[in-house]
Structure formats: C-alpha cells, structure tokens
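Since the structure comes first, as structure tokens, the remarks are kept for the end.
Taken together, the values in this text are just the output of simple stated rules run on the coordinates, not laboratory data. These numbers come from a predicted model, not from an experiment. In this analysis, Cβ positions are derived from the backbone assuming ideal geometry, glycine residues included, and neighbour counts consider all displayed protein chains.
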Amino acid sequence: MIEPRFVTANSLRFAYLERGEGPLVLMLHGFPDNAHTYLPQMDALAAAGYRAVSPYLRGYAPTEIPSQGNCDPKTLAQDVKGLITALNPGGRAYVIGMDWGGTAIQAALVQCPELIEAAVVMNAAHPATLSKFATDPDQVRSVFHFWFFQADVAARALAASDLAIVDYLWKLWSPGYDPGEHVVSVKATLAAPGVLPVVLRYYDGLYQAAGARTFPMAEISVPTLSIFGAHDPTAKYSAMEAAYFKGPYKRIVMPDVGHWPHRERPDEFMTCVLDWFRSSRSERRSVERAI
C-alpha cells in the first residue's frame, strides 16, 4: 500500500500519492472516487519517466477538511495552481483529471495556463454544455444527484444508507465494469468525519457559478485531450466544447466505455495519454526553435 504524503497548497493541507521521477503529472480524481483510482496509471507513468502525483481532492480524507469557503470551479482551479506550485516550484505540470478533477482542470486551463504543459480531461462536461442536462430526460436520470446533493438532507441520507449511492453510481455509469475492492476504499474516504458535507458543496458551487456566470470560460490554448466513454452522460453534448479550444485539441469517444475510461480500458487510455504528452512536448519544442 502506498502511503500518502502531504503538501500545503491554496492554504489547505492536501494528501497525495506519488510514484516515479521526472516531469510532474498531476492526476485529479472525481466522485465517487479517491486518489487510489489512478494507481495503475501512476505505475505506467513512472515507468515512462514521469513523476505521477494523485492528490485527494479538497475535503476528501485524508486531505484537510476546509472549515469554510467554496468548492466552486474557481476554488478548484486555485487548488490546481497551488498544487503545481508546491510540488514543482517554478515549473509546470502535465495534468489529468476526470469528473470533478476534470472540472478543476477545465477551470485551471483558463486561470493558470502558464503552469500546464498539456491536459487530459475525462468525462467532465464543459460548462457550455451544462444547460443541456436540465432539459434532457435521459441526462436528468443519469445525473440526478447533481440536484439531490444540493438538498439539506443529502449528507444525512447518504450516511444513513451506508453510502449505497457509491455502488449505485458505479453500476449506473459503468454497467459493464466491476471496480472490486476499490469501492471499499472510496467508501472509507467518504465515510471519514466531515467529508460528505464538503464533497456535496462541490455541486452547489458548480450551480452557483453557472447561475452567476462565474465559471472560468475563455478560449483555451493549452494542448488538451478530451476523453469520453460513449456510455457516460457527459459524452452526448461533448462535441460542443471544441469551439472553446484554440490550441491543439483532440476529442476521443471510447465505445462500450462508461464513466471511468482509465479503469475500464487502462492500456488504451495510457496509450492515448502518453502519445498526447509526447506530441505536445514535440510541438512545444518546435515552436521554441522557431522563436
């Protein structure tokens, strides 16, 4: 078992897992998940000459529980900025994120692009597509928790059911995949004291940002690879996001894959990631030589 390390970023003490040496790759998980989700990819990245770091997101134990403050996209982007700065002072990082981790990266690509070499975003709805979800019955069924989690009773209801929502969402979003014991780890993270109320604030923060139009949105120049599982609810409107990328951009939709491409198709996923990092690095060197 890999033991967590700790670093302070954006005034919060983050726990993280680490493997390898070389250029930093920051890997951000989503919900319902935790930092262990990327362990196979961390080994692969380390073998390829990278330093893979997978933190527990804001409020996910054993990362510190923030006593107050928002969990909106701008705050998550500041977490990304703080983590890169703390883990690689004066340097940059490659970033990988899914679900909420992907949302954090989307915001960071706007707020601190100078710190990011290249990005891989998995199954994270671009803010431009969010309005589509509320008016599409199929989408509402798949992401009903977005609204339920904003209710005052949500944390108590989830705890009272022994976090049955975790099993339900893994089966709903990736019906052909068995996460095995990983779900036990995820439940342990979410069951830690103080975690659920903070984790649920992410959803309120997202909708407040959408309503107030404060979600960071601008054209993105950082090389970005978007990966979607064909069976994931975020895939349906994902083609709309292309208009927001002015730099190198590629969108891949994996057939017969749900919400967790890196776990459902680990080899294919890593091939896509390593190819993207290599091509982004080669393109940057070509630009630097031209200058």
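Other residues with beta-carbon under 14 Å from the beta-carbon of D167 carry, at +1 per Lys or Arg and -1 per Asp or Glu, a net charge of -2.
What's the extension gain from V183 to M217 if we count 0.36 nm per residue and subtract their Cα-Cα distance? All intermediate terms of the calculation are to be shown ahead of the outcome.
Details: separation 34, 0.36 × 34 = 12.24 nm, distance 3.34 nm.
Separation in residues times 0.36 nm, less the Cα-Cα distance, equals 8.9 nm.
If both residues of a DSSP beta bridge must be in the chain, then about 25% of such bridges are antiparallel.
Here the chain is scanned for GluC sites (Glu not before Pro) in DSSP loops (not H, G, I, E, B) that have at most 15 other Cβ atoms within 10 Å, and the longest stretch holding none of them is 22-180.
Using only DSSP helix segments of four residues or longer, with each worth -39500 (n - 2.57), what per-residue ellipticity at 222 nm results for the chain after dividing by its residue count and rounding to 500? Let's see the in-between values first.
Numbers: 12 runs with 124 residues, N = 291.
Theoretical 222 nm ellipticity from helices: -12500 deg cm²/dmol.
Residues whose amide H lies under 5 Å from that of S174, counting only those 5 or more places away or on a different chain, are H259; hydrogens are built 1.01 Å from N in the peptide plane. Mean-square fluctuations from a GNM of the chain, with a 10 angstrom spring cutoff on Cα atoms, peak among G205, G102, G69 at G69. Round to a whole angstrom and tell me the spacing of the C-alpha centers of region 130-200 and region 94-127. What the calculation gives is 22 Å, centre to centre. Look at D138, D204, D33 and count the other Cβ atoms within 10 Å of each Cβ; fewest to most, that gives D138, D204, D33.
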